[in-house]
Amino acid sequence: MKITIIGAGNIGGAIARGLAKGHMFKASDITCTAQSQATLDKMKAANPDFVLSLNNIEAVKGADIIVIAVKPWRVEEIIDQIKGVLDYDKQIIVSVAAGITFDTLNSYLTKNTSYEDWVTPALFRIMPNTAIEVLSSMTFVSAHNATPEQSDLIINIFNELGNAMLVEERLMGAGTALASSGIAFALRYIRAAIEGGVELGFYPKQAQEIVVHTVKGATDLLLENKSNPEMEIDKVTTPGGITIKGLNEMELSGFTSSVIRGLKASK
């Protein structure tokens with residue numbers, strides 16, 4: 001199985017590097033393209049076995065999966081370049097471009113055959129977050145005109161880069177707020193807790209180490225125990241104790257409502 005990633009920038013490059021560390025692709029099965037040789041040189045430095053090209057048309061020939069990982073305003077231009085050589089019976093198209101819907105992608109990709117039939121490929125939209133660079137992304141996947149087997153394949157591929165979830169296209173915006181913007185929200189809590197730790201008497205580096213490992217421990221508990229947050233909170237809140245006092249003070253300042261309002265504003 002061969003995969004071509006058009007646009008080996010931040011996200012496209014992270015996908016390529018992550019897949020090369022997994023079990024489904026060898027680096028020699030991953031072709032990456034870019035607009036500049038400097039970007040390709042960075043990919044070569046990361047793994048010399050990547051197949052690298054400045055030519056998008058040649059790069060997609062023979063690929064089983066084609067990932068379009070360019071900025072949204074370049075998607076139409078890229079598809080116009082490669083559409084003539086795409087084989088919709090054999091190739092799966094994956095878009096990483098935020099906000100570009102299936103309707104829009106289909107308008108770019110639809111071919112009119114000599115039999116007057118309109119044909120479109122198996123098509124996926126994916127929305128990872130920046131943790132993809134450390135193989136810990138929460139990636140949302142939506143499918144259009146795809147078989148269950150093709151959907152399973154794409155989910156398995158992106159599970160190698162963290163955790164992938166198949167959702168309806170209508171939830172992609174919500175997923176972006178919860179997981180992509182959510183990275184920033186989680187980091188903002190971490191920053192605030194570090195500042196609080198300094199006020200409590202720790203040096204900044206000590207406070208960061210404490211907070212980061214505390215947050216990691218909290219997520220590990222939820223993942224390992226398959227529990228919900230309230231169950232784990234109950235374990236550390238004793239009647240009249242310091243934890244419940246701290247939680248109530250945060251809620252008095254609007255902690256939960258602020259998080260919900262921020263998520264809704266980001267959708």
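The values are calculated or read from the model by the stated rules, or taken from the named source; none is laboratory data. Since the structure is predicted, the reported quantities are computational estimates derived from the model, not experimental observations. Glycine gets a Cβ as well: all are built from the backbone with ideal geometry, and neighbour counts include every protein chain shown. Ligands, DNA and RNA are excluded from the accessible area calculation, which covers all protein heavy atoms including side chains. Shrake-Rupley method; radii C 1.70, N 1.55, O 1.52, S 1.80 Å.
Ignoring ligands, DNA and RNA, please state the percent of accessible area on the chain from carbon and sulfur, probe 1.4 Å.
56
Tell me which trypsin sites (Lys or Arg not before Pro) from region 57-94 have a DSSP coil assignment and no more than 13 other beta carbons within 10 Å of their own.
90
If you add up the charges near residue 122, with Lys and Arg at +1 and Asp and Glu at -1, over every other residue whose beta carbon is less than 13 angstrom from its beta carbon, what do you get?
-3
In whole Å, what is the distance between the alpha-carbon centres of region 1-52 and region 201-253?
39
Mind checking the per residue accessible area of region 16-123 for me, 1.4 Å probe, whole number of Å²?
52
Between residue 186 and residue 106, what's the calculated FRET efficiency when r is the beta-carbon distance and R0 is 41 Å? Round to 0.05.
0.75
Which of the GluC sites (Glu not before Pro) found in region 30-132 are loop residues per DSSP with 14 or fewer other Cβ atoms within 10 Å of their Cβ?
116
Residues with beta-carbon under 12 Å from that of residue 5, excluding residue 5: net charge, scoring Lys, Arg +1 and Asp, Glu -1?
+1
Classify region 126-192: rounded, prolate or oblate, from the alpha-carbon gyration tensor (a ≥ b ≥ c, eigenvalue square roots; a/c under 1.5 rounded; otherwise prolate if a/b is larger than b/c)?
Oblate, since a/c reaches 1.5 and b/c is not below a/b.
So what are the ³J(HN,Hα) numbers for region 127-133, from phi and the Karplus equation (6.51, -1.76, 1.60; θ = phi - 60°), rounded to whole Hz, Gly and Pro as x?
9, x, 10, 5, 5, 4, 5
Determine the per residue accessible area of region 141-201 with all protein chains present and a 1.4 angstrom probe, expressed in square angstrom.
With the other protein chains kept in place, region 141-201 gives 56 Å² per residue.
Which shape class, rounded, prolate or oblate, goes with region 1-90 when its Cα gyration tensor gives a ≥ b ≥ c as root eigenvalues, a/c under 1.5 marks rounded, and past that a/b bigger than b/c marks prolate?
Oblate.
DSSP loop trypsin sites (Lys or Arg not before Pro) in region 143-233 with at most 10 other Cβ atoms within 10 Å of their Cβ, which ones?
Within region 143-233, the qualifying trypsin sites (Lys or Arg not before Pro) (loop, at most 10 other Cβ atoms within 10 Å) are 226.
Explain nothing, just compute: Karplus ³J(HN,Hα) = 6.51 cos²θ - 1.76 cosθ + 1.60, θ = phi - 60°, for every residue of region 222-239 in order, whole Hz, x for Gly and Pro.
5, 5, 6, 8, 6, 9, 9, x, 4, 4, 6, 4, 4, 5, 10, 10, 9, x
From a point 7 Å beyond the Cα of residue 235 in the direction of its Cβ, which residues of region 199-213 have a backbone N at a distance under 19 Å?
Within reach of a label on residue 235, which here means backbone N under 19 Å from a point 7 Å along Cα→Cβ, region 199-213 contributes 211-213.
Got a sec to turn the phi values of region 87-99 into Karplus ³J(HN,Hα) couplings, 6.51 cos²θ - 1.76 cosθ + 1.60 with θ = phi - 60°, whole Hz, x for Gly and Pro?
Using θ = phi - 60°, the values come out as 10, 5, 6, 10, 10, 9, 9, 10, 10, 9, 6, 5, x Hz.
In deg cm²/dmol, rounded to 500, what helix-only [θ] at 222 nm does the chain give when every DSSP H run of at least 4 residues adds -39500 (n - 2.57) and the total is split over its residues?
After summing the helix terms and dividing by residue count, I get -15000 deg cm²/dmol.
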